[in-house]
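Asks: Here it is, the structure in full.
The values are calculated or read from the model by the stated rules, or taken from the named source; none is laboratory data. These numbers were taken from a predicted model, which means no experiment stands behind them. We place every Cβ from the backbone using ideal geometry, glycine too, and count neighbours over all the protein chains shown. Quick note on the areas: whole protein, heavy atoms, side chains included, nothing else; ligands and nucleic acids left out. Shrake-Rupley method; radii C 1.70, N 1.55, O 1.52, S 1.80 Å.
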Amino acid sequence: MLSLWYSQRARSWAMQIALLGGLVLFVWWLAGNTHENLTERGIRTGFDYLWRPARFPISESIIRYDASDSFFWAYVVGLANTLWLSFLSILLATVLGLAVGLSRRSAHPLLSRFAGVYVTVLRNVPLIVQLLFWYAIATSLFPVPREALNPLPGVFLSIRGVYAPALTLGPGASMLLIVAAILLVIAIVAGFKLSAGKRLPVKAASVGLSVCVWAGAVVWLSGMLGHPIGLEAPALKGLNFRGGMVLSPEFAAIITGLTIYTSAFIGEIIRGGIDAVEKGQWEGARALGLGERHIMFRIILPQALRIIVPPMTSQYLSTVKNTTLAVAVGYPELGLVVNTVINQTGQAIESILIMLAVFLSISLSVSAFMNWYNARVALVVR
Amino acid sequence: MTDITFNTAADAPQKPPRAKRKPLLKLLFGDLLSAFLTVLAVLILLGLIPAFNWAVLDAHWVGGPAACQGGGACWTFIGAKARLILFGLYPPQAQWRATIVIVLIVAMVLVSLSPKLWNARLLLVWALAIAAMLVLMGGGVLGLDYVPTSKWGGLPVTLLLAVLSLGLAFPLAVLLALGRRGKLPAARAISFFVIELVRGLPLVGLLFVAAILLPLLLPPEWTVDKLGRTLAALTIFAAAYLAEVIRGGLQGLDDGQIEAAEALGIPYWKMIWHIVLPQAIQNVIPPLTNTAIVMIKNTSLVLIVGVFDMLSAARSASTDPAWPAPSTEAYLFVAAIYFIICFSISIYSRHLEQGVAARTHG
């Protein structure tokens, strides 16, 4: 018996059985409490509420929603808003972050100082404070529509939101869009083919030229077909703008806040990746007489990408999770919809389970995609 | 000051050389791109002029609500409402207690900064200090008036949530990390499941779970108040993230250390406490301080479940109809406080890291 006590195997088995048994008992206890609490409060359980009409409004959505739609559809609308917000802010933050990261590394004194201050300030202030700050600016410091700021032609900033020109699609537009997309691909490929083997600026100029030709062709085609695609600029009529595309103050605040906050982190990731590329690579390239910019884009950045991808994955994931902070300014993404549903129906467990399932599947699929991409980058480089 | 760099996971021991030093004029206008960047930077600076005018030149520094008409920032609002933002709804006659709590936390953190003092005695002092803070905030004993947690608010709540959640999460995180790295399959599976589940969720979701589900999961006679529930959510969240950081430290540890300890017959927990953890934690100081900064920033999220922290206090202060919509100023004030706290931690972590580097690399 004593030898059993001192046996490593027996002890580890006993430990694991105790652990699992404790866990099962704990879950059993929680489930029992929940059952008791739910019957006491008379809350129904089950997912059949999903098909009842939701009867609450959702202030804005990228897919159609009506208060008579079901709770299930309300979740889908919230999810669509979450995904749209994530996609847009990740895209914008990556572009801005690349600029910030390169600026911090550049030898240009003004620019690198500037980027340093930007990163330091934005990383040390909580995102929700920044979101509320932008929202406060959008709703209290912006002028009334009649005195709206007009930073770009056709774009108006006012207390009612951000107004920008919108594409208007007439009959036959979808056909034209498909043709335009195919032509765009042809134009870009042709630009690259024509300048094959030439230096980078020549390449850029060549691609730019062919895209200009493409744009001209699309405008001409549109004219031939009687202008199915046009631009409609917002115009001040009475007390507010009419026409064009409108971003609500909520959406404008959350997209601005998320993009700027995330770009500071992405800038640091990119800078860290560049700094981690071995010193010898710079020295070797300089010894060969390559220019600084050439070294950066041809030698350092491709290698830095391998280091950058894993932290970038977690940054993208946390951006998706950060969209739930839109609750604070009232943009109806999934978190806000879930909260509203709980207040309306009391079906807390089901709603939260749905939210957990959604975020876990987003997390898993983003990391799967990034792992695939990471493997590709690694292969290309080696 | 602008050159403070942050610790990223990809920090390299050697920095790439900067381009050769050139005269300033050549750096700014040497070639087409540099000139373009210079113009761009100047344009951005010019674009900030309206913001500067708003914050300084057109701003109102003295007077009451009536003086704040017209454009420009209304800094007098901050002066008038600082007490409300810093202390929330805490009873005014007891605010000296909340002040002592703030001072106590800051003092304890400053004392704990020196790595020389990191030992079991410091843990005991922390435990005593936290007990003293909770007594001071809550009262009800020693002749202090009782203040329910629903009346707690402002900066003390922010600091207490940060310190308590990190402090409670740390032992939990060590257990999770050891479990995930350990030999027992059951412990590995449980740790993996807990860590990945919590890390896969947004903190807002976790706060909802705590605020709505916790009362349903526990027996009806156990009542956990709102502050306790959010603390539970913050703790489990911090534990999952800290566990991953500590796991990284454990992975970086040479296997020979554990093998040697086993060969010497040192019991498991003694080995963990005296040999494994000190080395593992020293390896991950930069990401640990980063996680600490993230958790301090995360305390601001409790606004969403209605806990009256500094941010909520600022938000409610700015809804006072007597003042002309000063919410921007209020948020700037809160942002400045968070910035000071988080920025000092990141400077300190750099200093600490350099100390470690000096000790280990000669």
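Asks: Within segment A:362-379, take every residue that is of a type in the set (Ser, Thr, Tyr) and more than 9 Å from chain B (Cβ to nearest Cβ) and give me the one that is surrounded by the fewest Cβ atoms within 10 Å (Cβ to Cβ).
Replies: By that ranking, first place goes to A:Ser365.
Asks: On to the next question. For segment B:264-320, give me every one of the helices (runs of 4 or more DSSP H) that falls completely inside it and has 3 or more residues that are open to solvent by 30 Å² or more (accessible area, probe 1.4 Å).
Replies: Because the criterion is at least 3 residues that are open to solvent by 30 Å² or more (accessible area, probe 1.4 Å), the helices (runs of 4 or more DSSP H) in segment B:264-320 that meet it are B:268-271, B:277-283, B:285-298.
Per-residue answers, yes or no, for (1) modelled with pLDDT under 80; (2) closer than 24 Å to A:Glu268 by Cβ:
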{"position": "B:Phe6", "(1), (2)": "yes, yes"}
{"position": "B:Ala9", "(1), (2)": "yes, yes"}
{"position": "B:Gln14", "(1), (2)": "yes, yes"}
{"position": "B:Pro23", "(1), (2)": "yes, no"}
{"position": "B:Ala35", "(1), (2)": "yes, no"}
{"position": "B:Leu45", "(1), (2)": "no, yes"}
{"position": "B:Ala55", "(1), (2)": "yes, no"}
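Asks: Further question on the same structure: Does any residue in segment B:117-141 that is farther than 24 Å from B:Trp96 by Cβ come within less than 8 Å, Cβ to Cβ, of a residue that is of a type outside the set (Asp, Glu) and open to solvent by less than 70 Å² (accessible area, probe 1.4 Å) six or more places away or on a different chain, and which pairs are these?
Replies: Matching pairs, first to second residue: B:Trp118/B:Ser112; B:Leu122/B:Ser112.
Asks: To continue, here is another question. Within the set of pairs 6+ apart or on separate chains, which have a first residue in segment A:15-34 that is at the interface with chain B (Cβ under 10 Å from one of its Cβ atoms) and under 17 Å from B:Leu214 (Cα atoms), a second that is at pLDDT below 90 and loosely packed, with under 11 Cβ neighbours inside 10 Å, and C-beta atoms under 9 Å apart?
Replies: Within 9 Å, the pairs are A:Asn33/B:Trp222.
Asks: Next question. Are there any pairs with C-beta distances below 6 angstrom linking a residue in segment A:61-77 that is surrounded by 11 or more Cβ atoms within 10 Å (Cβ to Cβ) to a residue that is of a type in the set (D, E, K, R) and outside any loop (DSSP other than H, G, I, E, B), with the two at least 6 apart or on different chains, and if so which?
Replies: Nothing qualifies.
Asks: Let me ask something else about it. How many residues are open to solvent by less than 40 Å² (accessible area, probe 1.4 Å), under 28 Å from A:Leu334 (Cβ atoms) and touching a residue at least 12 places away in the same chain (Cβ under 8 Å) when one looks only at segment A:95-126?
Replies: Number satisfying all stated conditions: 3.
Asks: Still on this model: Take B:Ala177 and decide whether it is closer than 25 Å to B:Leu303 by Cβ, among the small types (Gly, Ala, Ser), buried (at least 21 other Cβ atoms within 10 Å of the Cβ) and modelled with pLDDT of 90 or more.
Replies: no
Asks: When you scan segment A:266-280, how many residues do you find that are more than 8 Å from every other protein chain (Cβ to nearest Cβ) and buried (at least 24 other Cβ atoms within 10 Å of the Cβ)?
Replies: 3
Asks: Residues that are under 24 Å from B:Leu250 (Cβ atoms), of a type in the set (Lys, Arg) and out of contact with any Pro (no Cβ under 9 Å at 6 or more places or on another chain): find the helices (runs of 4 or more DSSP H) completely inside segment B:77-195 holding 2 or more of those.
Replies: Hits in segment B:77-195: B:155-181.
Asks: Residues in segment B:301-320 that are at the interface with another protein chain (Cβ under 7 Å from one of its Cβ atoms) and at pLDDT below 85: how many?
Replies: Going through segment B:301-320 one residue at a time, the tally reaches 0.
Asks: Another one. I'd like the residue in segment A:40-62 that is assigned to a helix (DSSP H, G or I) and within 11 Å of another protein chain (Cβ to nearest Cβ) and, out of all such residues, is farthest from A:Asn81 (Cα to Cα).
Replies: Per the criteria, the residue is A:Glu40.
Asks: If you don't mind, there's one more thing I want to ask. Just checking, which of A:Ile299, A:Ile307, A:Ile342 is farther than 30 Å from A:Leu231 by Cα, facing chain B (nearest Cβ under 9 Å) and surrounded by fewer than 21 Cβ atoms within 10 Å (Cβ to Cβ)?
Replies: Selected residue: A:Ile342, the only one of A:Ile299, A:Ile307, A:Ile342 that is farther than 30 Å from A:Leu231 by Cα, facing chain B (nearest Cβ under 9 Å) and surrounded by fewer than 21 Cβ atoms within 10 Å (Cβ to Cβ).
Asks: If the requirement is being within 14 Å of chain B (Cβ to nearest Cβ) and part of a helix (DSSP H, G or I), which of these qualifies: A:Trp134, A:Trp73?
Replies: Going through A:Trp134, A:Trp73 in turn, just one is within 14 Å of chain B (Cβ to nearest Cβ) and part of a helix (DSSP H, G or I): A:Trp134.
Asks: Just one of (1) farther than 30 Å from A:Thr139 by Cα; (2) over 17 Å from the mean Cα position of the chain (by Cα) trips up B:Pro326, so point out which.
Replies: The one condition B:Pro326 does not meet is (1).
Asks: Which members of segment B:285-322 meet the condition of being among the hydrophobic types (A, V, I, L, M, F, W, C) and touching a strand residue (DSSP E or B) at 6+ places or on another chain (Cβ under 7 Å)?
Replies: Across segment B:285-322, the qualifying residues are B:Val302, B:Leu303, B:Met310, B:Ala313.
Asks: Could you list, in sequence order, the residues of segment B:321-348 that are of a type in the set (A, V, I, L, M), more than 9 Å from every other protein chain (Cβ to nearest Cβ) and not in a helix (DSSP H, G or I)?
Replies: B:Ala322
Asks: Here's something else I'd like to know. Would you check if there is a residue in segment A:139-154 being under 23 Å from A:Ala326 (Cβ atoms), open to solvent by less than 40 Å² (accessible area, probe 1.4 Å) and under 26 Å from the mean Cα position of the chain (by Cα)?
Replies: No; the residues of segment A:139-154 include none that is under 23 Å from A:Ala326 (Cβ atoms), open to solvent by less than 40 Å² (accessible area, probe 1.4 Å) and under 26 Å from the mean Cα position of the chain (by Cα).
Asks: Just the residues that are in contact (Cβ under 8 Å) with a residue 24 or more places away in the chain and either β-branched (Val, Ile, Thr) or farther than 25 Å from B:Phe308 by Cα (or both), please, taken from segment B:322-353.
Replies: Passing the criteria: B:Thr328, B:Val334, B:Ile337, B:Ile341, B:Ile345, B:Ser346, B:Ile347, B:Tyr348, B:Ser349, B:Arg350, B:Leu352, B:Glu353.
Asks: Considering only residues that are farther than 28 Å from A:Pro143 by Cα and not in a helix (DSSP H, G or I), which ones fall in segment A:231-281?
Replies: A:Val277, A:Glu278
Asks: Sticking with this structure for a sec: How many of the residues in segment B:182-218 are at the interface with chain A (Cβ under 7 Å from one of its Cβ atoms) and in contact (Cβ under 8 Å) with a residue 40 or more places away in the chain?
Replies: 2
Asks: Out of curiosity, is B:Ala107 more than 30 Å from B:Ala314 (Cα to Cα), free of Cβ contacts under 8 Å to residues at least 60 places away in the same chain and away from every other protein chain (no Cβ under 14 Å)?
Replies: No: the conditions fail for B:Ala107.
Asks: Out of (1) of a type in the set (A, V, I, L, M); (2) open to solvent by 40 Å² or more (accessible area, probe 1.4 Å); (3) over 23 Å from the mean Cα position of the chain (by Cα), the odd one out for B:Val147 is which?
Replies: It is condition (2) that B:Val147 fails.
Asks: Moving on. Any idea which of B:Thr230, B:Thr223 is more than 10 Å from chain A (Cβ to nearest Cβ), without any contact (Cβ under 8 Å) to a residue 12 or more places away in the chain and either open to solvent by less than 40 Å² (accessible area, probe 1.4 Å) or not aromatic (Phe, Trp, Tyr) (or both)?
Replies: Unique residue meeting the criteria: B:Thr223.
Asks: Continuing with this model, one more query. May I ask you to verify whether A:Leu30 is open to solvent by less than 60 Å² (accessible area, probe 1.4 Å), closer than 30 Å to B:Gly179 by Cβ and not small (Gly, Ala, Ser)?
Replies: Criteria met by A:Leu30.
Asks: Oh, and also: Does A:Tyr331 meet the test of being more than 8 Å from chain B (Cβ to nearest Cβ), in a helix (DSSP H, G or I) and modelled with pLDDT of 80 or more?
Replies: For A:Tyr331, the condition - more than 8 Å from chain B (Cβ to nearest Cβ), in a helix (DSSP H, G or I) and modelled with pLDDT of 80 or more - is not met.
Asks: Given the conditions (1) facing chain B (nearest Cβ under 7 Å); (2) within 21 Å of B:Cys342 (Cα to Cα); (3) open to solvent by 20 Å² or more (accessible area, probe 1.4 Å), which single one is not true for A:Val129?
Replies: (3)
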